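Undergrad: Have a look at this one.
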There are 4 protein chains.
Amino acid sequence: MSGTGRRRLPRQVREQQIIDAGVRVFSKRGYHAAVVDEIAELADISKPMVYLYFGSKEGLFIACIRREGERLTRGFQEAASAGKSADEQLWAGLSAFFGYVAATRDGWVVLYRQAPEQGGEIAAEVRRQREAVMAAVVELVRSGASGSGALAERGGRDAEFVAHALVGAADSLTGWMADHPGETPDKVTLRLMNMVWVGMRNVLDGEVWVPPDGDSAAGE
Amino acid sequence: MSGTGRRRLPRQVREQQIIDAGVRVFSKRGYHAAVVDEIAELADISKPMVYLYFGSKEGLFIACIRREGERLTRGFQEAASAGKSADEQLWAGLSAFFGYVAATRDGWVVLYRQAPEQGGEIAAEVRRQREAVMAAVVELVRSGASGSGALAERGGRDAEFVAHALVGAADSLTGWMADHPGETPDKVTLRLMNMVWVGMRNVLDGEVWVPPDGDSAAGE
Amino acid sequence: MSGTGRRRLPRQVREQQIIDAGVRVFSKRGYHAAVVDEIAELADISKPMVYLYFGSKEGLFIACIRREGERLTRGFQEAASAGKSADEQLWAGLSAFFGYVAATRDGWVVLYRQAPEQGGEIAAEVRRQREAVMAAVVELVRSGASGSGALAERGGRDAEFVAHALVGAADSLTGWMADHPGETPDKVTLRLMNMVWVGMRNVLDGEVWVPPDGDSAAGE
Amino acid sequence: MSGTGRRRLPRQVREQQIIDAGVRVFSKRGYHAAVVDEIAELADISKPMVYLYFGSKEGLFIACIRREGERLTRGFQEAASAGKSADEQLWAGLSAFFGYVAATRDGWVVLYRQAPEQGGEIAAEVRRQREAVMAAVVELVRSGASGSGALAERGGRDAEFVAHALVGAADSLTGWMADHPGETPDKVTLRLMNMVWVGMRNVLDGEVWVPPDGDSAAGE
DNA sequence: GATGAATGAGTGTTCATTCAT
DNA sequence: AATGAATGAACACTCATTCAT
């Protein structure tokens, strides 16, 4: 039915094919709503193959998480080490991020937009991959801030903060970008750089803006 | 079995009770994995009541989305209109956000962290509520930038951009905050203000940072 | 479809109905080949009811084993205690056995003719019930042999032996009886009594027959 | 992978190897729960070989039944014809039985402890083999009773009865023996001889024990 | 002669949803 | 107003069986 070359593929290839389909379907439906039949059909194989290769729906999901996470982390690290000056490195990293997400939106969604508490095995792998991504971003932020001396003393807590803010902003902008055809990864990256580049250093050096004295809180 | 106040509550109260339970369970499990039995049990009623009040699981979910969305939007708008100067308003808005999320994490999760493509009705309501929230934030950003003249001409595209970046960052920081007991909503708000306050104006006025000339892209 | 009274039975009744069906189907097909749909249909309910009441196919099977085992054990004990003299007691016990099995062949089959190594839970319950039955028979044998003094000294090992031989013979004769319409439980009991009554005492007292000296060989 | 002797065995040998594995697995799991993969692996071949040699799982099972049944019958007949006097023959037969079962427990289990109603082909072969075994035992019993004249007139019904009782007792004792390490086939045989040797003749000659007059029945 | 790769058909189990009371 | 009892429809997973090599 798929025209070229259906049966008898070597194990390696089939595996990637199935993961491709898995990422697509998990991304579109979410883990629970995803139906193994649909994944199998998209991968142009029968359902038992999925079980032969990955053991269970959960196993397949974990494989998807792992591959996408590793791809993303690797892309990041390459980008981060490529640049020269601090701002160039951050620029390269954010470009890599938006480029990757624009190119493989599904992978990102599977990695970041699943219900938070899938059972044990899944949760563990998700955490692992997300932490790897965050670690890469933190590294990016740190090297981008190497000019300012204050960093070492403060235990890196601020770099973590910045990294989370960046990834969150980028994640959100990713969806926005997808809904606004005119926006390209490059344009988005440029704007985000402008938005955070100056302020990042403030945070990493210790804050300078202070809240108006009176009402410090809002929630309670 | 629940001791106080089981039977014969007025409709209004019951409804809120059920929505409370719904938000909690949907947040913990995600839409599909959530089981109506668990919600009913948590609300201390029998399952048919859920169907009597909301018609279906989907109906209940929509009601949850709506209530949480409206709460959040309202909190935002109040915060935004309360302040005086531009930075005070933004500060108040972000404080409201982190305060709300810290106080009712489940509501936020249900609203923002569900699989993107739940069937038609749900998708529509989710979109509606998210857009309302975004509109409030955009308003917040605009009034915070009222000093700079260039805004009107550019169609608000930049304000939207900033708003998405802010919400995304805040969303991500929300999770980070939950994992780092030392971090309070106030401390997080302060850092985020420092990180974006200066750069925001850059973006809203037109960018000033420029990428290194050579290789502007990263993806391909 | 079943004519009288389908829906809305009290829990107790339904449970017995389902166990009845379970015993019948498990007996006919064996545990693994038995299909839950067939049991449900025979019980005149839908499949989910089976799961609501027993949790799983295994749970239902265990319930079947337990009920049939307890019935059989109870019947035995009543029969055994009813008689006066030793031979009367044994006669009553064997009569009870053949009567029960002729009346509820399926129950016996489920209890004794399943593959030996069904998983943990099942194996445990089967063992428990079989041991209860055997204990009752051993008791029967012991009281039947109370005349002979030698019993106590030999640790009851011989009584166990006799009990196993009796149950095995009875089990086998049960199938034979089912295939030979002329044979009634009473006639079978009578013959079995004649076959073992004299020899039993020999065994319980210590053997008297001796093999020919050369020991014509067993296996190895 | 199995070191010695994998490939290119003559058909005869392969067949026996597979049947060996089949008997082992069928015995352990029962017909339905047995999985062809496991049998193939145990036989150290690939699954399609099983189908090449036996056509289907059912075909393999039938082959197992047949081989084990024939082995058992042959062993019996040899034992029966070997002895001289009546009691020697019975002793030899029972010894053969316990010896065989102790040596090849799996074969016995496959032959006698499967769910009664496996589909047509299987049922037929099981019946055939069991009848062959029974015929041999009946023969054994008859020759053991040749001294008593009454036998011929009663159509052999009693010999059949005795044979079934013997086989059942022996079957049951077989399991008991496996659970009590001290018991050897010889000791078990000796006790069973003592238990039945005297009584057997009673039955074959016509009964002598009579039930207590009153309550002949037990069931109801 | 032998096998890795592949699948059609079926089974246990769950869950949203609805009656009958 | 409220619920225990019941079910239709799906879905994850398994297994006997067959190709293509």
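Undergrad: With every protein chain left in place and a probe of 1.4 Å, what is the accessible surface of residue C:209, to the nearest 10 Å²?
TA: Looks like 30 Å² after rounding.
Undergrad: So, one more: Other chains near A:32-44: what is the mean number of their Cβ atoms within 10 Å of each residue's Cβ? Show your work: numbers first, answer last.
TA: Working: counts 7, 8, 2, 0, 0, 0, 0, 0, 0, 0, 0, 0, 0.
If you average over the peptide's residues, the count of other-chain Cβ atoms is 1.
Undergrad: Shortest first and in nm to one decimal, what separations exist between residue B:123 and its copies in the other chains, measuring from label points 7 Å along the Cα-to-beta-carbon line?
TA: Distances to the matching label points in the other copies: 3.1, 5.2, 5.5 nm.
Undergrad: Step through the table entries B:57/B:187; C:28/D:28; C:57/D:57; A:28/C:47, compare each Cα-Cα distance with 30 Å, and write down the pairs that go over it. Numbers along the way, then the final one.
TA: Values: B:57/B:187 39 Å; C:28/D:28 20 Å; C:57/D:57 25 Å; A:28/C:47 32 Å.
In this structure, B:57/B:187; A:28/C:47 lie more than 30 Å apart at Cα.
Undergrad: Where along chain B is the Cβ that lies nearest the axis linking it to chain C, and how many Å separate them?
TA: So the closest residue, with its distance, comes out as B:48, 4.
Undergrad: Starting with the highest mean, order D:44-57, A:161-174, B:193-206, C:12-25 by the number of other Cβ atoms within 10 Å, averaged over the residues of each peptide. All intermediate terms of the calculation are to be shown ahead of the outcome.
TA: On the way: D:44-57: 15.5, A:161-174: 24.6, B:193-206: 22.4, C:12-25: 19.5.
Packing proxy ranking, top to bottom: A:161-174, B:193-206, C:12-25, D:44-57.
Undergrad: Between residue D:52 and residue A:135, what FRET efficiency follows from the Cβ-Cβ distance if R0 is 51 Å, with the result rounded to 0.05?
TA: Values: r = 55 Å, r/R0 = 1.07.
That gives a FRET efficiency of 0.40.
Undergrad: Let me ask something additional. So how far apart, in nm, are the two label points at residue C:178 and residue A:113 if each is 7 Å from Cα heading toward Cβ?
TA: Result: 6.1 nm between the two label points.
Undergrad: Using 0.36 nm per residue of separation minus the Cα-Cα distance, give me the extension gain between residue B:210 and residue B:124 in nm, one decimal. Don't jump to the answer; show the numbers that get you there.
TA: Details: separation 86, 0.36 × 86 = 30.96 nm, distance 3.88 nm.
Going from the current span to full extension adds 27.1 nm.
Undergrad: Averaged over peptide A:198-206, how many Cβ atoms belonging to another chain are found within 10 Å of each residue's Cβ? List each step's numbers first, then the result.
TA: Details: counts 10, 11, 5, 3, 8, 7, 2, 1, 1.
Shielding by partners across A:198-206 averages 5.
Undergrad: With the cut-off at 1.5 for a/c, could you classify segment B:65-205 from its C-alpha gyration tensor as rounded, prolate or oblate? Don't jump to the answer; show the numbers that get you there.
TA: Values: a/c = 1.84, a/b = 1.23, b/c = 1.49.
Oblate, since a/c reaches 1.5 and b/c is not below a/b.
Undergrad: Would you kindly derive the ³J(HN,Hα) couplings of segment A:26-36 from the backbone phi angles with the Karplus curve 6.51 cos²θ - 1.76 cosθ + 1.60 (θ = phi - 60°), listing them in order in whole Hz, with x for Gly and Pro?
TA: Each residue's phi maps through the Karplus curve to give 4, 5, 6, 10, x, 4, 6, 6, 5, 10, 4 Hz.
Undergrad: Give the nm distances, rounded to one decimal, from residue B:81 to the matching residue in every other copy, measuring between label points 7 Å along Cα toward the beta carbon; shortest first.
TA: The answer, with the shortest distance listed first, is 5.5, 8.4, 11.0 nm.
Undergrad: Another question about this same structure. At 7 angstrom along the Cα-to-beta-carbon line, where would the label on residue A:11 sit relative to the other copies? Give the distances in nm, shortest first.
TA: Shortest to longest, the spacings are 3.3, 5.1, 6.3 nm.
Undergrad: Additional query: First measure r as the distance between the Cβ atoms of residue A:13 and residue B:187, then evaluate 1/(1 + (r/R0)^6) with R0 = 45 Å and state the FRET efficiency to the nearest 0.05.
TA: Given R0 = 45 Å and the Cβ-Cβ separation, E is 0.35.
The values are calculated or read from the model by the stated rules, or taken from the named source; none is laboratory data. None of the values given here were measured: they were computed from a predicted structure. Counting neighbours? That spans all protein chains shown, and the Cβs are built from the backbone with ideal geometry, glycine included. Ligands, DNA and RNA are stripped out before the accessible areas are found, and what is left, the full protein with its side chains, is counted by its heavy atoms. Shrake-Rupley method; radii C 1.70, N 1.55, O 1.52, S 1.80 Å.
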